[in-house]
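The values are calculated or read from the model by the stated rules, or taken from the named source; none is laboratory data. Keep in mind that what you see is a predicted model, and the values were worked out from it rather than measured. No Cβ is skipped: glycine too gets one built from the backbone with ideal geometry, and neighbour counts run over all protein chains shown. Side chains included, ligands, DNA and RNA excluded: accessible areas come from the protein's heavy atoms. Shrake-Rupley method; radii C 1.70, N 1.55, O 1.52, S 1.80 Å.
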Amino acid sequence: MKRKDFFDKITSAINDWKNTNFTFYPKQNVPGLDDSNLTYGNGEEKKGIEIYTCVLFVDIRNSVQLTKDKQVRTLGKVYSVFTYCILLAAQDEGGYVRNIIGDRVMVVFPPDNCYTKAVNCAITINQIASMIDKEFDNFEFKCGIGIDYGKLSVMKVGIEKKGVENDDNKGLVWAGYPANFASRL
């Protein structure tokens, strides 16, 4: 694609998103990519979801330093078991994992009893971190956990692609103070 054609396409996308209405629908369930109330079609009204709930973020502390100090195989084992166990903890408390990036996991809880479920999940994650720390020699393993409650506006983002890249080019944006604040805690 020529540069001019490429930037014409970019300009068209910006104008489409800027000038097309966005309607947010209230919801009690945690949405996923397949939710019919989420759209990103060109030239169409964009649909999003609003949900009042708890968000939990967890990440490995000092992961940049760990990457410098430890062997890749050891880190791979730790990251893998950590993520796997976080997924189990979230599932056990009725939470939905909605983002995994490296050593960072985002969990969203359904609104009913979300405070209790998020705190119980955090307690479990803390126990998991302690267990991992004990199992790996010469390795100080700690994680940070943040939780917040409030209104989240959820929007679908991405592009349609053919083949195996299709799912990798789509995602959900969780806009709102709870997601931002919990990720910083």
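Among the lysines, select those whose C-alpha is under 18 Å from the C-alpha of LYS77, and discard any that sit fewer than 8 residues away in the same chain.
Candidates past the 8-residue exclusion: LYS68, LYS134, LYS142.
With the cut-off at 1.5 for a/c, could you classify segment 61-185 from its C-alpha gyration tensor as rounded, prolate or oblate?
Here segment 61-185 falls in the oblate category.
Rank these residues by their accessible area, most exposed first, probe 1.4 Å: LYS18, LYS170, LYS77.
Largest accessible area first, the residues go LYS18, LYS77, LYS170.
Is the shape of segment 129-185 best called rounded, prolate or oblate, per the rule: a/c under 1.5 gives rounded, else a/b larger than b/c gives prolate, else oblate, with a ≥ b ≥ c the square roots of the Cα gyration tensor eigenvalues?
Oblate.
In degrees, nearest 10, range 0 to 90: what is the angle between the Cα axis of helix 72-92 and the longest Cα principal axis of the chain?
70 degrees
What does the net charge come to around LYS156 if you take all other residues with beta carbon closer than 9 Å to its beta carbon, with K and R at +1 and D and E at -1?
Local charge sum for LYS156: +2.
Whats the longest run of the chain with zero GluC sites (Glu not before Pro) that are DSSP loop and have at most 13 other Cβ atoms within 10 Å?
With GluC sites (Glu not before Pro) excluded where exposed in loops, the chain gives 46-139 as its longest stretch.
In whole percent, what relative contact order does the chain give with Cα contacts below 8 Å and a gap of six or more residues?
About 26 percent, as a whole number.
Which of the listed residues, GLY146, GLY158, ALA13, is farthest toward the dipole's positive end in the chain, when Lys, Arg count +1 and Asp, Glu count -1 at the beta-carbon?
Highest projection toward the positive end goes to ALA13.
Considering Cα pairs under 8 angstrom that are at least six residues apart, work out the relative contact order of segment 4-49 and quote it in whole percent.
Once divided by the residue count of segment 4-49, the mean separation gives 42 percent.
On a straight-distance basis, which lysines could pair with LYS27 in a cross-link, Cα separation under 19 angstrom, same-chain partners fewer than 8 positions away excluded?
LYS46, LYS47, LYS117, LYS151, LYS156
Mind listing the lone cysteines of the chain, meaning no other Cys beta-carbon sits under 4.7 Å from theirs?
CYS85, CYS121, CYS143
So what is the calculated 222 nm ellipticity per residue for the chain, using -39500 (n - 2.57) for each DSSP H run with n of 4 or more, over all residues, to the nearest 500 deg cm²/dmol?
-13500 deg cm²/dmol
Can you give me the angle between helix 3-19 and the longest principal axis of the chain, using Cα atoms only, in degrees from 0 to 90, rounded to the nearest 10?
The two axes meet at around 90 degrees.
Taking the Cα atoms only, what angle lies between the long axis of helix 114-135 and the longest principal axis of the chain, rounded to 10 degrees?
Taking Cα atoms only, the helix is inclined about 50 degrees.
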